[in-house]
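Only one structure is covered here, and it is reproduced in the block below.
Read the figures in this text as sums done on the coordinates, not as results from a lab. Given the structure is predicted, the values throughout are model-derived calculations rather than measurements. FYI the Cβ positions are ideal-geometry reconstructions off the backbone, even for glycines, and counts take in every protein chain you see.
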Amino acid sequence: MAVEYPELAELAATGRVPRHIAVIMDGNGRWAKMRGLPRLSGHKAGSETVRRLLGYCRDAGVDYLTLYAFSTENWGRPPEEVSGLMQLLGNFIADNEKELLAQQIRLRLIGRREDLPAELLGSIERMEAATAGFKRQLLVALSYSGRSELVHAARQIAGQVKSGALDPQEIGESTIAANLYAPDVPDPDLIIRTSGELRVSNFLLWQCAYSEFYVTPVLWPDFDEATFADAIKAYMARNRRYGKV
Ligand code: IPE
Ligand code: IPE
Ligand code: MG
């Protein structure tokens, strides 16, 4: 496939690009407000950013991309915003189906599936099945929170203990990791948050233990190739010590 972003391809050639990038896509509402538009226009513009980001990640050679699209707490937003967001997510899947297949990207959902509208869940699960054999992955966090993921893991582990398959003394970090939503996916190397907020907002609480964080004031709809490249360059300049010297 032709390279669309040569600067990102150059970064890829260094071999030091993060293998897994996770993004807290924030600031859609403020972007819309600044323009006197309804919040939903901000989310719509934000979904265009996601489409572009898939191209950045392809050219930069990123293997795993996790996007925080809707948190368990986001259900507390006004009903028209929630239903608008669910609609947009459905449209996003439909509009990008061909592209995901052409780019050979495996789509995966992480989050509380039981909370999602049946139609949306159905279209995501069909795409998950259709792309299951691909290596590069797009993980979409929907009705997701780090705490609810850990609750989910605890329930599974308790079930294994109850059935006699697991001895509580054998529970270790690898047991927790093995019962997360996407246990085979490596922890994110880099977590990007847009809109300048310095908090984790319940995202990947277990997996972020040694992730590098990059926060940009840029609002999600304005996130572009240059901002993405800045985040990667900042990551490459970091010294990851993992508690050692
Ligand atoms: C992020 O943008 C998208 C979601 C959380 C779904 P926001 O909607 O949080 O935008 P701000 O933070 O209000 O600007
Ligand atoms: C985090 O953004 C959730 C997503 C990006 C989906 P929020 O806008 O919901 O987080 P807070 O309220 O600023 O912590
Ligand atoms: Mg926000």
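Of the residues 116, 145, 186, the one whose Cα sits farthest toward the positive end of the charge dipole of segment 94-245, with +1 on the Cβ of Lys and Arg and -1 on the Cβ of Asp and Glu, is 186. Normalising the Debye intensity of segment 18-132 to I(0), with uniform scatterers on Cα atoms only, and taking log10 at q = 0.17, 0.19 Å⁻¹ returns -0.92, -1.15.
As I understand it, the dipole of the chain uses +1 on the Cβ of Lys and Arg and -1 on the Cβ of Asp and Glu, about the Cα centre. Which of 169, 131, 103 lies farthest toward its positive end? Toward the positive end, the furthest listed residue is 169. Charges were assigned to the Cβ only: +1 to each Lys and Arg, -1 to each Asp and Glu. The resulting dipole of segment 58-148 about its Cα centre is roughly 380 debye. By its C-alpha gyration tensor, with a ≥ b ≥ c as the square roots of the eigenvalues, how is segment 54-120 shaped: rounded for a/c under 1.5, else prolate for a/b larger than b/c, else oblate? Prolate.
Keeping to pairs on different chains or 8 or more places apart, tell me how many lysine pairs in the chain have Cα atoms under 24 Å apart. Total qualifying Lys-Lys pairs in the chain comes to 4. For the chain, the C-alpha radius of gyration divided by 2.2 N^0.38 Å, with N the number of residues, is 1.03.
Quick check: pseudo-label points 7 Å beyond the Cα along Cα→Cβ at residue 171 and residue 35, how many nm apart are they? The answer from the label model is 4.8 nm. If you take every residue apart from residue 143 with its C-beta less than 12 Å away from the C-beta of residue 143, what net charge results, scoring Lys and Arg +1 and Asp and Glu -1? Taking every other residue near residue 143 into account, the sum is -2. Comparing 195, 41, 163 in a Gaussian network model of the chain (Cα springs below 10 Å), the most mobile by mean-square fluctuation is 163.
Relative to the Cα centre, the charge distribution of segment 109-245, modelled as +1 at Lys and Arg Cβ and -1 at Asp and Glu Cβ, gives a dipole magnitude of about 340 debye. Distance between the pseudo-spin-label points of residue 83 and residue 226 (7 Å out from Cα toward the beta carbon): 4.1 nm.
Peptides 150-161, 212-223, 84-95 ranked from most to least packed by the mean count of surrounding Cβ atoms within 10 Å: 212-223, 84-95, 150-161. Summarising the label geometry, the points placed 7 Å from Cα in the beta-carbon direction at residue 152 and residue 129 lie 2.0 nm from one another.
With viscosity 1.567 mPa s and temperature 4 °C, the Kirkwood radius over alpha carbon pairs of segment 96-153 converts through Stokes-Einstein to a diffusion coefficient of 108 µm²/s.
Residues of segment 209-223 with an amide N closer than 15 Å to a point placed 7 Å from the Cα of residue 4 along the Cα-to-Cβ direction: 223.
Each listed q (0.11, 0.13 Å⁻¹) maps to a log10 I(q)/I(0) for segment 115-224 from the Debye sum over equal C-alpha point scatterers, namely -0.49, -0.68.
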